[in-house]
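Note sheet for the following structure.
The values are calculated or read from the model by the stated rules, or taken from the named source; none is laboratory data. These figures come from a predicted structure and were not determined experimentally. Here Cβ is always computed from backbone atoms with ideal geometry, including for glycine, and neighbour counts include all displayed protein chains. SASA here: full protein model, heavy atoms, side chains in, ligands and nucleic acids out. Shrake-Rupley method; radii C 1.70, N 1.55, O 1.52, S 1.80 Å.
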Amino acid sequence: MIRLRNVTFRYDSAGAPALRDLSLEIRAGESVCIMGANGCGKSTLARILAGLLKVSQGEFVLTGVTDRPIPVGILFQNPDNQMVAVTVEKEIAFALENLAVPFEEMDARVGATLKRFGIEHLRTRLTSELSGGEKQRVALASVMICKPPVLVLDEPDSFLDARGRVALREEEEQIRHENADMILVRITQYPSVAKRYQRLIVLDRGRVAADGPPQEILADRSFRHKTGLCYQSDGVPVELPQPLRRLSGRNSLVHRLAADAVSFAYADGRTVLKNLTITLNGGETVGLVGATGSGKSTFGHLLCGLLRPSGGSLDYYDADGKEVDIALIRGQISGVFQQPERQFFLPTCAEEIAFGPRNLGLSITTEEVTALFDLVGLDAKVFAERDPFTLSMGEKRRLAFAAVLSMSPQFIVFDEPTCGLDPAGVGRFIKMARTLRQLGVGLVVISHDGTLINAVADKVLHFRGVGEYHHCSCREFFESDENASILTPVDGQYAG
Ligand SMILES: Nc1ncnc2c1ncn2[C@@H]1O[C@H](COP(=O)(O)OP(=O)(O)OP(=O)(O)O)[C@@H](O)[C@H]1O
Ligand SMILES: [Mg+2]
């Protein structure tokens, strides 16, 4: 059993507590879902349950499982924080190695686990080179190999495609079936996921705001709004701050990107893209969809000039149809990548936002930086001086948006932009994307989220396999059930 009594937790003694006077009990055999806005304390609670953080005040006790070698298994929100070994098989074997399991037994259990999680083909791959979704599956397998009596899953589906999500659900059901006494704690941003559980706990600014059957809690619209669990889909455009308003007046250089028979192979010889041809225009939003590992992010990196095609060409054209050199248009084509912290390197959030424009020789005032914080829904007073690496996942995602938007780019690649965002943040992103599009900015949105693609994309480029790409209008894409099935359903799950 898990019991928290009047638990308060502070990351830093001077700052506001991340959890406040929180009390709850979870009994053996229970499956509990946790929801709440970005920064409300979900991951902090998960880390307390896993024994990785000590409560500042109050009491946390775990009973009935302490005799087990690994009483709590945790899947972190960012699978990168989990990977310790060089290859997938070593990663899966890591916990068993630590428990000194004899080699033959270990080998058999690793093999069985790889099979069970459908990742045998990844066995010898380097963990650092896996896609986000692949990492999440490997991480889950590496946690489950020890069958921990308490399992904490912190947004385990954020990088998974539709198939991966079905596999995760089946896996969860199977694990539950085999371990009737296990405690399962699942953090999610999706009401449709929460509804599968018997018990939902909603956190709001570090406190328990609701604890009960999900159907009842989520039926209360004003409660969902208050706690960031749904978005306002009113179509009112967002107010763009000054640095972005520069866009409309700017003699925008890049107007069109043309990929012509682009191929790409990584250094190990694996071909990821073959013969990909597409034109992207300013003022147009293209959704990139396809299974985990199909090369979407690689294409995003190519578009931004971070990788070079191994074959074919990527050309950039101005409004008169003249070709422009990518070296001359620094900052005009920018990307917000899947793991936002990979783009942070400065000591404070405010510096992170100001860096891009300053680096390009443009000016940015403190007021403009504050306006960018507002745009993404972060309070400048709280975040300006914070270390970007201490932000919660959703807060990092928001900061990464602001740090790229500050450069007023003409094309932006957003890789899984809603991954980790709360529903209110998704609504904010959709409005922002629509406003940017009206200003003539070209957007590329990589996502598994049907609601998002449906709301923002004009065109959809479907990565079906290496060398197999199909693009069509967004409407056409969603007319086919088979197409739509690769994304999470557009069921208005977040809508207010
Ligand atoms: N290492 C840290 N140092 C200081 N503050 C932190 C640290 N980690 C988290 N916080 C703050 O504690 C609060 C709770 O963070 P936590 O990661 O638990 O939120 P969360 O509910 O999981 O959010 P998300 O939905 O974005 O994942 C946030 O305000 C966050 O900025
Ligand atoms: Mg979190």
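Descriptive notes on the structure:
- Criterion: assigned by TED's automatic domain parsing to the domain that holds N78, among the small types (G, A, S), open to solvent by less than 10 Å² (accessible area, probe 1.4 Å) and out of contact with any Ser or Thr (no Cβ under 6 Å at 6 or more places or on another chain) - qualifying residue of A167, A112, A139, A108: A139
- If the condition is being of a type in the set (A, V, I, L, M, F, W, C), away from ligand 1 (no atom under 14 Å from the Cβ) and part of a loop (DSSP other than H, G, I, E, B), then segment 1-44 contributes M1, A28.
- Annotation: R428 fulfils all but one of (1) within 8 Å of ligand 1 (Cβ to nearest atom); (2) surrounded by fewer than 24 Cβ atoms within 10 Å (Cβ to Cβ); (3) in a helix (DSSP H, G or I); the unmet one is (1).
- Condition check for D449: free of Cβ contacts under 8 Å to residues at least 60 places away in the same chain and acidic (D, E): yes
- Criterion applied to L53, L19, L4 was being in contact (Cβ under 8 Å) with a residue 60 or more places away in the chain and surrounded by 14 or more Cβ atoms within 10 Å (Cβ to Cβ), and the one residue passing it is L19.
- Hits in segment 400-423 - residues which are in a helix (DSSP H, G or I) and buried (at least 24 other Cβ atoms within 10 Å of the Cβ): A400, F401, A402, A403, L405, P423
- If you go through segment 408-441 and pick out every residue that is of a type in the set (S, T, Y) and either within 26 Å of D204 (Cβ to Cβ) or modelled with pLDDT of 90 or more (or both), you end up with 1.
- Scoring T390 on the criteria (1) modelled with pLDDT of 95 or more; (2) open to solvent by 20 Å² or more (accessible area, probe 1.4 Å); (3) within 16 Å of ligand 2 (Cβ to nearest atom) leaves a single failure, condition (1).
- Annotation: V152 fulfils all but one of (1) more than 16 Å from ligand 1 (Cβ to nearest atom); (2) aliphatic (A, V, I, L, M); (3) at pLDDT 90 or above; (4) surrounded by 15 or more Cβ atoms within 10 Å (Cβ to Cβ); the unmet one is (1).
- Condition check for E352: within 14 Å of ligand 1 (Cβ to nearest atom) and either within 25 Å of P79 (Cβ to Cβ) or of a type in the set (G, A, S) (or both): no
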